[in-house]
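Data block below; observations after.
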Amino acid sequence: MATILVTGCAGFIGSHITERLLRREDFVIGVDNFDPLFYGREIKERNLRWAKEQKNFVFFEADICDREAMQQIFGRYRPQKIVHLAALAGVVPSLERPIDYERVNVFGTVILLELSRLYGVEMFVFASSSSVYGADTKAPFKESEPAVRPISPYGATKRMGEIIAYTFHHLHGLPITCLRFFTVYGPRQRPDLVIHKFARYIVKGKDVPIYGDGTSQRDYTYIDDIVDGIEVALDKPMGYEIINLGCGTPVILLDMVEMLERALGKKAKLQFLPMPKTEPPLTHADITKAQRLLDYRPKVRIDEGIPVFVEWFLRELRDGLEI
């Protein structure tokens, strides 16, 4: 049993990895500040409901940018491992709030890295993003690409997080694995993300925005596969590594919409719009490195994952809960 700090524990990915770690009887320290950018507080509270019932879980409502608060947590519990998921996420909002994104995603990460150094953390897993690759990376995206042309402040801050993490590894020997997530979906997905948003629009009869001609492709990755990758990375210090976590099979946008229509039993009203500068035409993870280093094998195809997501989505609707 390890003592593990999970930042952003009340979010989509954070609540899932928190539950995985609790079920294997690790002691989990959860940190979340309930930032309202994407979620109402009640959604994150629901995400944490089961975890808060477990004796091996302790929760702190705190901001990772508050060094004093974080130092008190480190000093009291001395975590052995860190899963750092807390961030301001999303491409479009980062255009309007670049300073906030830099503060949370870079400054907040530096605080955690410095405290990890001071308190002798054994393993640090940093949640990065496929957004670091930008729009001109050759597919499939390999970790060896320089990734120096991100096309959003969000992508840029995640790349900066990877770089400063390397510096802490180089100077202090802190074992760090940066995991680049590709379009994660599944139960509890953030309401602003495309599958959740499209499902909501289809059910409500609203226009579904399709950028370009609908042939853009994304490497949709089911939440359980992402959690599998995080778990193995957390238990396997390798010095410093950057590793893609994706499905490895891009899906055309209009094909994804058809899968949602079938699962929901309702046709979508499509509204075709110009492609914005922040939208890459393709994301496609090369998962060779993840297979080699983490024995990572995505198990859930999108035609299997979307019905599971929709089952959760409709259950939330039936229960009268905000989605």
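The values are calculated or read from the model by the stated rules, or taken from the named source; none is laboratory data. Given the structure is predicted, the values throughout are model-derived calculations rather than measurements. Here Cβ is always computed from backbone atoms with ideal geometry, including for glycine, and neighbour counts include all displayed protein chains.
Table: residues versus (1) crowded, with 21+ Cβ neighbours inside 10 Å; (2) free of Cβ contacts under 8 Å to residues at least 40 places away in the same chain; (3) aromatic (F, W, Y).
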residue	(1), (2), (3)
T3	no, no, no
V6	yes, no, no
T18	yes, yes, no
R23	no, yes, no
V28	yes, yes, no
E42	no, no, no
Q54	no, yes, no
H84	yes, no, no
S94	yes, no, no
Scope the range 281-323; condition at pLDDT below 95, part of a helix (DSSP H, G or I) and surrounded by fewer than 15 Cβ atoms within 10 Å (Cβ to Cβ); matching residues: R315, L317, R318
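For (1) of a type in the set (A, V, I, L, M); (2) under 19 Å from R76 (Cα atoms); (3) touching a Ser or Thr at 6+ places or on another chain (Cβ under 9 Å), each residue gets a yes or a no:
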{"site": "L21", "(1), (2), (3)": "yes, no, no"}
{"site": "D26", "(1), (2), (3)": "no, yes, yes"}
{"site": "E42", "(1), (2), (3)": "no, no, no"}
{"site": "R49", "(1), (2), (3)": "no, no, no"}
{"site": "Q54", "(1), (2), (3)": "no, no, no"}
{"site": "V58", "(1), (2), (3)": "yes, yes, no"}
Test for V110: is it buried (at least 16 other Cβ atoms within 10 Å of the Cβ), in contact (Cβ under 8 Å) with a residue 60 or more places away in the chain and either closer than 21 Å to V132 by Cβ or not charged (D, E, K, R) (or both): no
Any hit, the range 74-89, residues being farther than 18 Å from L234 by Cβ and either under 17 Å from the mean Cα position of the chain (by Cα) or among the aromatic types (F, W, Y) (or both): yes
Filter pass, I230 being in contact (Cβ under 8 Å) with a residue 60 or more places away in the chain, of a type in the set (A, V, I, L, M) and closer than 23 Å to S152 by Cα: no
Helices (runs of 4 or more DSSP H) (entirely within the range 56-159) containing at least 1 residues that are among the polar types (S, T, N, Q): 67-77, 91-96, 108-118
Verdict on Y119 being in contact with a helix residue (DSSP H, G or I) (Cβ under 6 Å, 6 or more places away or on another chain), surrounded by fewer than 18 Cβ atoms within 10 Å (Cβ to Cβ) and either at pLDDT 95 or above or on the phi > 0 side of the Ramachandran plot (or both): yes
Where a residue in the range 254-282 is of a type in the set (A, V, I, L, M, F, W, C) and its partner, wherever it lies, is assigned to a loop (DSSP other than H, G, I, E, B), with Cβ under 6 Å and at least six apart: L254/G214; V257/A268; M275/G212; L282/A139
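If the requirement is being in contact with a Pro (Cβ under 8 Å, 6 or more places away or on another chain), closer than 17 Å to R159 by Cβ and small (G, A, S), which of these qualifies: S94, S128?
Numbers: S128 fails: in contact with a Pro (Cβ under 8 Å, 6 or more places away or on another chain).
Sole residue among the options that is in contact with a Pro (Cβ under 8 Å, 6 or more places away or on another chain), closer than 17 Å to R159 by Cβ and small (G, A, S): S94.
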Test: residue in the range 38-52 that is at pLDDT 95 or above, assigned to a loop (DSSP other than H, G, I, E, B) and either under 18 Å from the mean Cα position of the chain (by Cα) or over 29 Å from G320 (Cα atoms) (or both): no
Every residue from the range 170-179 that is buried (at least 17 other Cβ atoms within 10 Å of the Cβ), outside any strand (DSSP E or B) and out of contact with any His (no Cβ under 8 Å at 6 or more places or on another chain): L174
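In this structure, is G173 touching a Gly at 6+ places or on another chain (Cβ under 9 Å) and free of Cβ contacts under 8 Å to residues at least 24 places away in the same chain? Break it down stepwise before answering.
On the way: touching a Gly at 6+ places or on another chain (Cβ under 9 Å): yes; free of Cβ contacts under 8 Å to residues at least 24 places away in the same chain: yes.
It is true that G173 is touching a Gly at 6+ places or on another chain (Cβ under 9 Å) and free of Cβ contacts under 8 Å to residues at least 24 places away in the same chain.
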Filter pass, L48 being touching a Pro at 6+ places or on another chain (Cβ under 9 Å) and either within 18 Å of P187 (Cα to Cα) or buried (at least 23 other Cβ atoms within 10 Å of the Cβ) (or both): no
